[in-house]
Structures are given as C-alpha cells and as structure tokens.
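Read the structure below first, then the notes.
What follows is calculated from the coordinates using simple rules that are stated; it is not laboratory data. Note that the structure is a prediction, hence the values are computed from the model and not measured. Positions of Cβ are generated from backbone atoms using ideal geometry, with glycine treated the same way; all protein chains shown enter the neighbour counts.
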Amino acid sequence: MPDSRSHRGAHPKDAADFSPDRLPTLRRSVAELSWLLTRGYPQNRSVTLVGDRHSLRERQRKATGRVAASRHACEQRGARRIEPEQVAGSRVDVDGYNVLLTVEAALGGGVLLPARDQTLRDLAAMSRHYKKVEETLEALRLLGDFLHRHGAAAVHWYLDRPISNSGRLRAMMIGLAERQGWPWQVELVANPDPLLKASEHTVVTADSAILDAGARWLNLARHVVEDGVENPWWVDLLSELPEHAPRAR
C-alpha cells in the first residue's frame with residue numbers, strides 16, 4: 001500500500017497510549033526496566049518482562065525501551081557528550097535518518113521521548129522506505145541553522161543507501177546546503193553505523209550502539225527541538241523515583 005502520510009506525526013493510538021492517566025504506569029515501567037538493565041539483564045527480554053507485567057501496548061513498550069537505560073550507560077554517554085559551542089571549527093558526522101526523523105516528528109506533532117541518557121527519541125517508524133513529509137525541509141533548515149550558528153566547519157551526513165528515496169533526499173540536502181552556503185557533504189552508504197562508531201569526529205545520533213562505541217557526541221536533535229520547535233509533544237516518562245527492583249503486586 002502506498003505511503004500517503006504528509007506528516008511524521010502521532011499515531012492514532014498515541015493519545016490513548018500516552019494519556020495523563022497512563023503516565024504513572026509508564027514511568028514505573030521505565031524505572032523497572034532501567035533497574036534490570038543496570039544489573040545486566042538483556043534488553044529485549046527485559047522489555048518483554050516489564051511490558052507483560054504492566055500490560056503495556058506495543059507503542060508503550062517501544063517508548064519504555066527507548067527511554068530506559070542502565071546507570072552505567074547514562075554515565076558513560078554523559079561523559080562523552082559535548083555542548084554545542086564545542087563544535088566550532090570542527091567536523092560533525094551525522095546519523096542522517098536517526099536525527100532527521102526526530103526533528104520531523106517534533107514539527108509534525110509526534111511523540112517525543114526525553115530519555116535517561118539525555119537523548120531525545122521518537123516513535124517514528126521507517127523500515128526500508130523514506131517518504132518526504134511537509135516538515136522535511138524545515139527540519140533540515142533547523143538542523144543546518146543550528147550547526148551553522150555554532151560554527152561547525154564541516155558537516156558530513158550519512159544516509160542509508162538501501163533505504164528507498166535516499167538519493168532524492170541527498171539531492172534535496174545538497175541543494176539546500178548550496179543555497180545556504182553550508183559546508184555539507186551527504187554520502188550514501190550501505191550502513192552508517194560502523195562508520196559512525198569508528199569516527200574520530202563529533203558524532204550526532206541517538207543510537208545507543210553508536211553512543212556506546214566511545215565517540216564524543218552532540219545531542220543535536222534535542223538542542224534543535226528545544227531551541228526551534230514551538231509546542232512539541234513531550235511525553236515525560238522519567239520518574240522522580242529512583243531505580244527500584246520490581247515488587248510483587
């Protein structure tokens with residue numbers, strides 16, 4: 001079936017799944033999942049365990065998994081996170097779809113998830129196909145303006161070649177950068193992950209595996225949304241409660 005979406009917005013079930021009355025359960029789920037991850041339990045099994053315990057729906061489970069993180073992961077990622085002013089005069093390597101989809105979702109009214117590791121994640125779905133939406137160009141402008149204002153000397157974008165329409169997106173990005181005078185290079189690659197994990201430059205992503213590879217990183221999507229998106233839909237699943245062991249009901 002053709003993809004007819006014009007926005008990277010909310011799923012029809014999100015209003016119910018993330019309604020105020022569901023947030024206390026979701027926050028407890030994040031705390032419990034983070035407790036398990038801190039103690040070395042595997043991610044997928046832990047998400048299933050916590051999701052079953054609290055009868056979470058599919059997108060609630062996805063959100064819980066994207067917000068939760070172990071204490072060690074938060075500490076290590078936090079130690080390598082840099083501030084925007086630190087990119088001045090340097091090169092930035094960007095996990096293209098990972099970052100772009102989050103800002104598109106913010107502009108389109110989709111769910112945004114501030115995570116325990118300070119990243120900003122979303123629930124936008126994309127497998128092997130990318131569809132330009134009404135917010136795509138504005139999202140690229142916001143990202144480009146932010147990096148330009150903070151003096152990035154070069155911005156190297158990586159897009160997944162196997163994803164359809166990557167070539168069209170690349171052409172749009174190059175055209176925008178040329179009009180704005182931004183120092184962008186946009187490369188289509190089989191898989192950006194190993195390149196970003198091995199990068200000696202500042203990396204932009206919210207991908208946990210890339211962040212844990214050890215590179216310094218810029219929390220670009222979160223900075224851009226906080227700086228330039230009016231009234232985004234923040235869903236705060238970070239409880240005031242400390243991590244705790246699951247308790248019997």
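Mean-square fluctuations from a GNM of the chain, with a 10 angstrom spring cutoff on Cα atoms, peak among ARG61, ARG81, ARG53 at ARG53. A simple spin-label model places the labels of ASP145 and SER127 3.6 nm from each other, with each point 7 Å out along Cα-to-Cβ. For the chain, relative contact order (Cα pairs under 8 Å, six or more residues apart, normalised by length) works out to 29 percent.
Need one word for the range 74-117: rounded, prolate or oblate. Basis is the Cα gyration tensor (sqrt eigenvalues a ≥ b ≥ c); a/c below 1.5 gives rounded, then a/b vs b/c decides. It is oblate, given that a/c is not under 1.5 and a/b is not larger than b/c.
Could you work out which residue, out of GLU134, GLU32, GLU230, moves most in a Gaussian network model of the chain, that is, has the largest mean-square fluctuation with Cα springs under 10 Å? Largest GNM mean-square fluctuation: GLU230. Note on ARG39/ALA88: beta-carbon distance plugged into 1/(1 + (r/R0)^6) with R0 of 30 Å gives a FRET efficiency of 0.15. Need one number: % antiparallel among DSSP beta bridges in the range 14-234, to the nearest 5. Of the beta bridges lying entirely in the range 14-234, close to 15 percent run antiparallel. When each of HIS223, HIS11 is scored by the number of other beta-carbon atoms lying within 10 Å, the sequence from fewest to most is HIS11, HIS223. Among LYS13, LYS131, LYS62, the largest mean-square fluctuation in a Gaussian network model of the chain (Cα springs under 10 Å) belongs to LYS13. In the range 1-82, taking the dipole from charged Cβ atoms about the Cα centre, the farthest positive-side position among HIS7, GLY78, THR25 is held by GLY78. Be a star and scan the range 31-52 for residues whose amide nitrogen sits under 15 Å from the point 7 Å along the Cα-to-Cβ vector of LEU238. Once the point is set 7 Å along Cα→Cβ of LEU238, 31, 34 turn out to lie under 15 Å by backbone N, inside the range 31-52. Count Lys and Arg as plus one, Asp and Glu as minus one, and take only other residues whose Cβ is under 10 Å from that of ARG161; the net charge is then -1. Sorted ascending by nearby beta carbons within 10 Å, beginning with the fewest, TYR158, TYR41 become TYR41, TYR158. With a ≥ b ≥ c taken as the square roots of the eigenvalues of the C-alpha gyration tensor of the range 108-182, please select rounded if a/c is under 1.5 and otherwise prolate if a/b is larger than b/c or oblate if it is not? Verdict is oblate for the range 108-182. For the chain, the mean residue ellipticity at 222 nm estimated from helices alone is -13500 deg cm²/dmol, where every DSSP H run of n ≥ 4 contributes -39500 (n - 2.57) and the total is divided by all residues, rounded to the nearest 500. Under 22 Å Cα-Cα from LYS13, which lysines qualify once same-chain neighbours fewer than 8 residues away are excluded? Hits, sequence-local ones excluded: LYS62, LYS131. Just check the range 15-149 against the gyration tensor rule for me: Cα atoms, a ≥ b ≥ c as the square roots of the eigenvalues, rounded for a/c under 1.5, and otherwise prolate or oblate depending on whether a/b exceeds b/c. In terms of gyration-tensor shape, oblate.
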